[in-house]
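Notes follow the structure.
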Amino acid sequence: MFGPFERAVAGRYLRARRGERFVSIIAIFSLIGIALGVATLIIVMAVMNGFQADLMSRILGLNGDLTIYGSGRTISHYEDAARTVRTVPGVVSATPMIEGQVLLSAGPYSSGGVVHGVTPQGLRDLRAVSSSIIAGSLDAFGRDDSIVVGVTLAERAGLSVGSGLTLVSPDGAATAFGTVPRVRTYHVVAIFDAGVNDYNSSVVFLPMHAAQVYFQMPGQVTQLLVMTTDAQQVRPVSMAIDKALGNPGLRVLDWTNANNALFGAVQVEQNVMFLILTLIILVAAFNVISSLIMMVKDKTADIAVLRTIGASRGAIMRIFLMCGAFVGVAGTVSGTVLGVVFCLNIERIRQLLQKLTGTNLFNPEVYYLEHLPARLVWGQVVEVIAMALVLSLLATLYPSWRAAKTDPVEALRHE
């Protein structure tokens, strides 16, 4: 389609000579605009994908793919229910758990928190916690006075392995002088870092029997935490568990219902950001139109001479199509390389910028996670590349058509 003649002339027009550099500078800025637009879109989409995937894996890893609650406050005969749930295809584990609100106190520090009472094996099955122990060991978890805390809580309260942490529950014993809160001190045997700031700062783990005594729930739990083989296919497993239990007193709630608003908001934000950042590429495409129109005006006499020596309108159109296509393709390729390299090194870049500026660019207390995630989805990268190429190539059509429509007689009338 593009012969040696068209390629030679297009290459000549893209190389600026004295007096022609202004048009080439505009073309360079158009190329930079397309590159920055493509790179920005790839980086933002990768960060949004990483944030969604990291948030989902951590929340599900800590809270389970689905949870089974009793119709009242507690579940009796929970071991039988857990054994039934484990027989359902697609279920990895079913962990009985007691959950209760308490006041955490250590010296001058006090804050609200959540107690999770689990068996030692149940805590080991919770891989998000058991695989992130940074101090101590779970071997001692099981004593009546043992407790496992998060790293943020340990830092704020000045806790270390062996330190005492006091739990205060408002549901105490009724006396003639009113309700007396239950107060009990436990000793830290392990400190975990689950990667979620809220979890690290407010959740503590007690052995099951100690939690049953503390919350006065002998032989009972508040919920069953269930992990599945595929969180994306949790709905069929949820229905199968509900059918297997056959107990109207138990309610099954999966993560799509419990956290649907959060993940839905992240998805909507991702789509909106894609549309907004597409405008950067669109603006760059308009710059391509401007640079080509100026090139056509600048080369009007050349076009007329080419037409008089036999160049067809199609050849003229192909010449300027190649000029615009070069800007679009070069900008897209440059932007893709820049965006992919930035995404692969985004955490190193963040740490470098933090050292240079002396500020925290990704506060875990604000952004919920403790590092900046980025996950490249190559299908999205291909979509961005295709969109940039289509927009930049469409931008070349009108100026190229105008160049092909140039009348050599009118163009050379005043030469």
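List of remarks:
- Residues in region 95-110 that are of a type outside the set (A, V, I, L, M, F, W, C) and part of a strand (DSSP E or B): THR95, PRO96, GLU99, GLY100, GLN101, SER105, TYR109, SER110.
- Which numbered condition LEU279 misses (of (1) open to solvent by 20 Å² or more (accessible area, probe 1.4 Å); (2) aliphatic (A, V, I, L, M); (3) touching a residue at least 12 places away in the same chain (Cβ under 8 Å); (4) within 30 Å of MET322 (Cβ to Cβ)): (3)
- Screening GLN233, GLN267 for residues that are open to solvent by 80 Å² or more (accessible area, probe 1.4 Å) and within 29 Å of the chain's Cα centre (by Cα) leaves exactly one candidate, GLN233.
- Candidates GLY19, GLY3, GLY61, filtered to the one that is open to solvent by 50 Å² or more (accessible area, probe 1.4 Å) and modelled with pLDDT under 85: GLY19
- Odd one out for ARG235 among (1) without any contact (Cβ under 8 Å) to a residue 24 or more places away in the chain; (2) more than 21 Å from ALA81 (Cβ to Cβ); (3) touching a strand residue (DSSP E or B) at 6+ places or on another chain (Cβ under 7 Å): (2)
- Unmet criterion (only one of (1) open to solvent by 20 Å² or more (accessible area, probe 1.4 Å); (2) in a helix (DSSP H, G or I)) for CYS323: (1)
- Among residues of region 196-221, those that are open to solvent by 10 Å² or more (accessible area, probe 1.4 Å), of a type outside the set (S, T, N, Q), under 35 Å from the mean Cα position of the chain (by Cα) and at pLDDT below 90, counted: 2
Residue-wise test of (1) part of a strand (DSSP E or B); (2) touching a residue at least 12 places away in the same chain (Cβ under 8 Å).
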site: MET48; (1), (2): no, yes
site: SER57; (1), (2): no, no
site: LEU62; (1), (2): no, yes
site: ASP80; (1), (2): no, no
site: PRO89; (1), (2): no, yes
site: SER93; (1), (2): yes, yes
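- The set of residues in region 22-57 that are over 30 Å from THR332 (Cβ atoms) and buried (at least 19 other Cβ atoms within 10 Å of the Cβ) contains only LEU55.
- Matching entry among ASP254, ASP242 (being under 23 Å from HIS77 (Cβ atoms), surrounded by 19 or more Cβ atoms within 10 Å (Cβ to Cβ), out of contact with any Phe, Trp or Tyr (no Cβ under 8 Å at 6 or more places or on another chain) and among the charged types (D, E, K, R)): ASP254
- Only a single item in (1) modelled with pLDDT of 80 or more; (2) touching a Leu at 6+ places or on another chain (Cβ under 8 Å); (3) open to solvent by less than 40 Å² (accessible area, probe 1.4 Å) is not met by SER334, and it is number (3).
- Per this entry, GLU347 is not counted among residues that are open to solvent by 70 Å² or more (accessible area, probe 1.4 Å) and either at pLDDT 85 or above or in a helix (DSSP H, G or I) (or both).
- Single match in LEU153, LEU225, LEU159, LEU165 (criterion: under 18 Å from LEU123 (Cα atoms) and at pLDDT 85 or above): LEU225
- Inter-residue pairs, beta-carbon under 8 Å, first within 22 Å of VAL38 (Cβ to Cβ) and in region 389-409, second open to solvent by 30 Å² or more (accessible area, probe 1.4 Å) and aromatic (Phe, Trp, Tyr), 6+ apart: ALA395/PHE286
- Some residue of region 132-147 being over 17 Å from GLY219 (Cα atoms), in a loop (DSSP other than H, G, I, E, B) and of a type in the set (Phe, Trp, Tyr): yes
The values are calculated or read from the model by the stated rules, or taken from the named source; none is laboratory data. Nothing here was measured: the structure is a model prediction, and the numbers come from that model. A quick note on method: Cβ atoms are made from the backbone with ideal geometry, for glycine too, and the neighbour counts reach across all protein chains shown. Calculation scope for accessible area: heavy atoms of the full protein, side chains included, ligands and nucleic acids excluded. Shrake-Rupley method; radii C 1.70, N 1.55, O 1.52, S 1.80 Å.
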